[in-house]
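Here it is: the structure, laid out below.
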Amino acid sequence: RSGFVDMVWPLVWRVADDDAFVSEVQAMRRRVISLIPQREADSEIKLGAGGLRDTEFTVQLLQLVHGRADDRLRLRGTFDGLEALITYGYVGREDGQRLGEAYRFQRVLEHRGQLFHLRRTHLLPKDAASLRRTARSMGERDAESLAGDWQKSKRRVLRLHQRMFYSPLLEAVARIPSAAVTLTSEAAETRLRALGYSDAKAALRHIAALSQGVSRQAEIQRQLLPAMLGWLAQGPNPDHGLLAFRQVSEALGSSSWYLRALRDEGAMAENLARILSSSRYAVNLLKREPQNVQLLADPSEIVPKTLEEIARAMRSTASRQKEAGDAIAAIRAVRRRELLRVAMGDLLGTIPLDQGGQALSDIMGATLDCALEIASRDEQDPPRLALIALGRWGGREVAYGSDADGMFVMEDSDDPERTKSAMRIISAARQLLSRPGPDPVLEVDLDLRPEGKGGPMVRTLASYRSYYEKWSATWERQALIRASVGAGDRELGEELLAAIEPVRYPAGGLSHKQVTEIRKLKARMEAERLPRGTDPKRHVKLGPGGLTDVEWTAQLLQVEHGAEYPDLRTPTTMLALDAEVAAGFLDEADAEALRSAWRLAARIRNANMLVRAKASDTIPSDVRELGPLAEVLGYDKGHTSAFMEDYRRGARLVRGVMDRVFWGLDGR
């Protein structure tokens, strides 16, 4: 017998090398449960869900997968195997203790049922007398107490079993050949290069720093790294991802929840690897607040917060600070967390473009709203003040690199001191937000206000009414299309929007001269604002078929027909296109061409910021930058040509629509 055991023992620890091993074991366990008769499912101690077999399968699967490289796990007994898994960090101490307690309880329960009748059974007795007798033999008060403890143990085992037995980390480790789990330095370099790491020696240094030592932290890192290396290699920049993983891990290494969560919390480790290897922007935010990695532990956390929720959190944290500088720092910390939440959802594909633009707009609005409140603290009787959002912010289409375009309005007053007070508040808020700090800068751009850079920083409501009635230019009508209340006193902001409604949607539409003015301005913008030396066909904002082509086409129709068709009165580009189709000013094919191209261009701008942590409206020509950009946009490695062809095709379609609808080349 010992000869047979000696022969098969090494083979046992190779079985997990089969790529299908984990999935087949999981399928086998599901099949066993499905074959239990329905009438016995709730009383099956051994085979049922949450029963003895769930504990045994969990322990044995962990042993078989990790025991290929760690012979300390090569033990036969369930308790011995579980103890080793706990000791060497493969199972959390608390989880392991609970699993062991439940297994011991269920095993005793099974034995008590077998002892009375001296027959093999794995079912909990159903008759009251047998239940009562079994309860007394186990020290329980009564049958109801026993039944309650049985159900509690099942729920506990089932929860732990589902988390460990079906862990993505376990399946990822199992897919790595045994020879690759424990490599020599030379072999490790070769494997790292094969995975896609450019600097294998640097990668080995990061791996050594993470996994050397005998601490529990090092033990868990040694389990995580084989899978993490593979997941990081699936991203556009595995070298940067591994460095970021080391930095985050070193920052959080003393936090007991961090490594435990990576090991135990579903797809958290895989999602973290994807984010770290894809986005310098997200990594920068995460390094500044490493504890925000907790967002990945719960999928419900990767959902944008509402404007009210963000503002409430900002006010709460700012209220605990006496100094304005400390209060704004607290607000910016909340802003960093919310920006990271949106970036994570964007990279993981859980937050679509439209929802992301709304979320970024809400973050911007809440930040400016709270900044104005803080800046008003030192004013004894601050005037009512509102910030009207313009541009992408006004349209709720903010990108990661967008400035806060807007204009300030204050309550009507003849007192020059109140105007000075408003100016002090605005200047203080902008100064506080522009302080150097560990977060992306938020610039308030007031260039679209009346008279542009030469105009006053703030006007009264009456002054705005007078200006727009007497002196407003045609281009200002178009700029006001995307005006909405951004921050400050909402009632005052709504009053200004009501006052400018006839300006942005004039009765009778536009004259031929005014349409010509808009067209000339668009042509001038294309000629003068495009950065020198830039290939127009790669500029997603000002180039042919870019964002401004779509937006100006939609806005021209809005200014012309908004007075007659109320549904056209929206600051959001996609909603405007939908309304223009419904009103008959665009056919669906043209509108879909505009929508698709606008969304792709907007996603490119966001992806540029996510990948490089630098705002850019240009598609990079360097393949080393173009490849990661295409991958973040969902294209496979090496398929940058497909990405470029998709963009060029969309741009050509938009230009054709614009020629007909905006430039009037169809005889309009």
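The values are calculated or read from the model by the stated rules, or taken from the named source; none is laboratory data. Here the structure is a predicted model, which means the values were calculated and not measured. With ideal geometry, Cβ positions are generated from the backbone for all residues, glycine too; neighbour counts draw on all protein chains shown. Keep in mind that these areas ignore ligands, DNA and RNA; they rest on the heavy atoms of the full protein, side chains included. Shrake-Rupley method; radii C 1.70, N 1.55, O 1.52, S 1.80 Å.
Rundown of residues vs (1) open to solvent by 30 Å² or more (accessible area, probe 1.4 Å); (2) part of a loop (DSSP other than H, G, I, E, B); (3) touching a strand residue (DSSP E or B) at 6+ places or on another chain (Cβ under 9 Å), yes/no style:
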{"site": "Gly584", "(1), (2), (3)": "yes, yes, no"}
{"site": "Asp590", "(1), (2), (3)": "no, no, no"}
{"site": "Val611", "(1), (2), (3)": "no, no, no"}
{"site": "Glu645", "(1), (2), (3)": "yes, no, no"}
{"site": "Arg648", "(1), (2), (3)": "yes, no, no"}
{"site": "Arg652", "(1), (2), (3)": "yes, no, no"}
{"site": "Asp659", "(1), (2), (3)": "yes, no, no"}
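Look through Arg132, Arg141, Arg112 and report the one residue that is touching a residue at least 12 places away in the same chain (Cβ under 8 Å) and charged (D, E, K, R). Lay out the reasoning, then the answer.
Working: Arg132 fails: touching a residue at least 12 places away in the same chain (Cβ under 8 Å); Arg141 fails: touching a residue at least 12 places away in the same chain (Cβ under 8 Å).
None of the other options fit; the residue is Arg112.
Right, here's the next one. So Met407 passes all but one of these: (1) under 28 Å from Ser319 (Cβ atoms); (2) in contact with a strand residue (DSSP E or B) (Cβ under 7 Å, 6 or more places away or on another chain). Which condition number does it fail?
With (1) under 28 Å from Ser319 (Cβ atoms); (2) in contact with a strand residue (DSSP E or B) (Cβ under 7 Å, 6 or more places away or on another chain) applied to Met407, the lone miss is (1).
Right, next: Check Leu124, Leu146, Leu118, Leu99 and return the single one that is at positive phi and either of a type in the set (A, V, I, L, M) or surrounded by fewer than 19 Cβ atoms within 10 Å (Cβ to Cβ) (or both). Steps first, answer last, please.
Numbers: Leu124 fails: at positive phi; Leu146 fails: at positive phi; Leu99 fails: at positive phi.
Matching residue, one of Leu124, Leu146, Leu118, Leu99: Leu118.
In addition: Is it the case that Arg68 is in contact with a helix residue (DSSP H, G or I) (Cβ under 8 Å, 6 or more places away or on another chain), of a type outside the set (S, T, N, Q), open to solvent by 70 Å² or more (accessible area, probe 1.4 Å) and more than 30 Å from Ser130 (Cβ to Cβ)? Outline the logic, then answer.
On the way: in contact with a helix residue (DSSP H, G or I) (Cβ under 8 Å, 6 or more places away or on another chain): yes; of a type outside the set (S, T, N, Q): yes; open to solvent by 70 Å² or more (accessible area, probe 1.4 Å): no; more than 30 Å from Ser130 (Cβ to Cβ): yes.
The answer is no for Arg68.
Something else about it: What strands (runs of 3 or more DSSP E) lie completely within the stretch 398-508 and have 1 or more residues being within 27 Å of Thr618 (Cα to Cα)?
On the way: elements: 404-410, 458-460, 484-488.
Hits in the stretch 398-508: 404-410.
I need the full set of residues from the stretch 426-445 which are out of contact with any strand residue (DSSP E or B) (no Cβ under 8 Å at 6 or more places or on another chain) and among the β-branched types (Val, Ile, Thr), in order please.
Val441, the sole residue that qualifies.
Here's another thing I want to ask about it. Run down Arg465, Arg538, Arg449, Arg477 and say which single residue is among the basic types (Lys, Arg), in contact (Cβ under 8 Å) with a residue 24 or more places away in the chain and open to solvent by less than 30 Å² (accessible area, probe 1.4 Å). Spell out how you get there, then give the answer.
Working: Arg465 fails: open to solvent by less than 30 Å² (accessible area, probe 1.4 Å); Arg538 fails: open to solvent by less than 30 Å² (accessible area, probe 1.4 Å); Arg477 fails: open to solvent by less than 30 Å² (accessible area, probe 1.4 Å).
One residue alone meets the criteria, Arg449.
Taking the stretch 128-145 only, how many residues are in a helix (DSSP H, G or I) and more than 15 Å from Arg107 (Cβ to Cβ)?
We begin by selecting, within the stretch 128-145, every residue in a helix (DSSP H, G or I); these are 128-137, 143-145.
Next, only the ones that are more than 15 Å from Arg107 (Cβ to Cβ) stay: 128-133, 135-136, 143-145.
Number of matching residues: 11.
Also, I was wondering about something else. Out of all the residues in the stretch 520-531, is one or more outside any helix (DSSP H, G or I), open to solvent by 40 Å² or more (accessible area, probe 1.4 Å) and either over 22 Å from Trp393 (Cα atoms) or out of contact with any His (no Cβ under 7 Å at 6 or more places or on another chain) (or both)? Steps first, answer last, please.
Step one: of the stretch 520-531, the residues outside any helix (DSSP H, G or I) are 529-531.
Keeping just the survivors that are open to solvent by 40 Å² or more (accessible area, probe 1.4 Å) gives 529, 531.
Now restrict to residues that are either over 22 Å from Trp393 (Cα atoms) or out of contact with any His (no Cβ under 7 Å at 6 or more places or on another chain) (or both): 529, 531.
Yes.
Looking only at residues in the stretch 63-111 that are part of a helix (DSSP H, G or I) and among the aromatic types (Phe, Trp, Tyr), which one is nearest to Ile176 (Cα to Cα)? Talk me through it step by step, then tell me what you get.
Applying the first criterion (part of a helix (DSSP H, G or I)) to the stretch 63-111 yields 63-66, 71-73, 78-87, 93-111.
Subset that is among the aromatic types (Phe, Trp, Tyr): 79, 103, 105.
Numbers: Phe79: 27, Tyr103: 31, Phe105: 36 Å.
Step by step, filter the stretch 63-111, then rank; the result is Phe79.
Follow-up. Quick test for you: out of Val173, Val157, Val108, pick the one residue that is open to solvent by less than 60 Å² (accessible area, probe 1.4 Å), β-branched (Val, Ile, Thr) and within 29 Å of the chain's Cα centre (by Cα).
Within the list Val173, Val157, Val108, the selection yields Val173.
May I pose another question? Residue check: is Ala202 hydrophobic (A, V, I, L, M, F, W, C) and crowded, with 18+ Cβ neighbours inside 10 Å? Break it down stepwise before answering.
Values: hydrophobic (A, V, I, L, M, F, W, C): yes; crowded, with 18+ Cβ neighbours inside 10 Å: no.
No; evaluated as a whole, the condition is false for this residue.
Mind checking which residues of the stretch 395-416 are touching a Pro at 6+ places or on another chain (Cβ under 9 Å), under 15 Å from Gln355 (Cα atoms) and not basic (Lys, Arg)?
Residues satisfying the conditions are Gly395, Glu397, Tyr400.
Please list, ordered by residue number, the helices (runs of 4 or more DSSP H) wholly in the stretch 264-374 having 1 or more residues that are acidic (Asp, Glu) and open to solvent by 60 Å² or more (accessible area, probe 1.4 Å).
Because the criterion is at least 1 residues that are acidic (Asp, Glu) and open to solvent by 60 Å² or more (accessible area, probe 1.4 Å), the helices (runs of 4 or more DSSP H) in the stretch 264-374 that meet it are 268-276, 307-318, 324-348.
When only residues in the stretch 1-42 that are among the small types (Gly, Ala, Ser) and over 43 Å from the mean Cα position of the chain (by Cα) count, which is most open to solvent (accessible area, probe 1.4 Å)?
Our first condition is that a residue be among the small types (Gly, Ala, Ser); within the stretch 1-42, this holds for 2-3, 16, 20, 23, 27, 34, 41.
Subset that is over 43 Å from the mean Cα position of the chain (by Cα): 2-3.
Numbers: Ser2: 85, Gly3: 50 Å².
Result: Ser2.
Which residues, taken from the stretch 32-51, are outside any loop (DSSP other than H, G, I, E, B) and either among the charged types (D, E, K, R) or modelled with pLDDT of 90 or more (or both)?
Keep residues of the stretch 32-51 that are outside any loop (DSSP other than H, G, I, E, B), which gives 32-34, 38-40, 44.
Correct list: Val32, Ile33, Ser34, Arg39, Glu40, Glu44.
Using beta carbons and a limit of 8 Å, which pairs, at least six apart or on different chains, have the first residue in the stretch 402-427 and under 17 Å from Ala487 (Cβ atoms) and the second one among the hydroxyl-bearing types (Ser, Thr, Tyr) and open to solvent by less than 10 Å² (accessible area, probe 1.4 Å)?
Val409/Tyr464
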